[in-house]
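Engineer: This structure is in structure tokens; I'll ask about it shortly.
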Amino acid sequence: MISNQSYYKAFNLCKNVDEKDTPYLALSIELEIHLLTQDEKLAAHLKQEGFDKVISLTDFLSEI
């Protein structure tokens, strides 16, 4: 189960980009794992907001 604190933090990070990504980001926060996303705009926004546990699919594929 995802805590209210993780969900609230995720919502605040996503609300200006795409609120539909909130549950995925909340799970990432709760489990303390990186979020892998194909949404370049979301990845850039999260990094700008100081959330560093995000990697775009493009960056991931270029590193393997």
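Engineer: List every residue pair whose Cβ atoms sit under 6 Å apart, with the two residues 6 or more apart in sequence or on different chains, where the first one lies in segment 36-64 and is β-branched (Val, Ile, Thr) and the second, anywhere, is part of a helix (DSSP H, G or I).
Structural biologist: Hits for this filter: Thr37/Ala43; Val54/Ala43; Val54/Leu46.
Yes/no matrix, rows are residues, columns are (1) part of a helix (DSSP H, G or I); (2) crowded, with 16+ Cβ neighbours inside 10 Å; (3) not acidic (Asp, Glu):
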{"position": "Lys20", "(1), (2), (3)": "yes, no, yes"}
{"position": "Pro23", "(1), (2), (3)": "yes, no, yes"}
{"position": "Leu27", "(1), (2), (3)": "yes, no, yes"}
{"position": "Glu30", "(1), (2), (3)": "yes, yes, no"}
{"position": "Ile33", "(1), (2), (3)": "no, no, yes"}
{"position": "Leu36", "(1), (2), (3)": "no, no, yes"}
{"position": "Leu42", "(1), (2), (3)": "yes, yes, yes"}
{"position": "His45", "(1), (2), (3)": "yes, yes, yes"}
{"position": "Asp59", "(1), (2), (3)": "yes, no, no"}
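Engineer: Taking Lys9 as the residue in question, decide whether it is surrounded by 11 or more Cβ atoms within 10 Å (Cβ to Cβ) and either without any contact (Cβ under 8 Å) to a residue 60 or more places away in the chain or part of a helix (DSSP H, G or I) (or both).
Structural biologist: Answer is yes for this residue.
Every number here is computed from the coordinates shown, using simple stated rules; none is lab data. Owing to the predicted nature of the structure, the values given are computational and were not obtained by experimental measurement. FYI the Cβ positions are ideal-geometry reconstructions off the backbone, even for glycines, and counts take in every protein chain you see.
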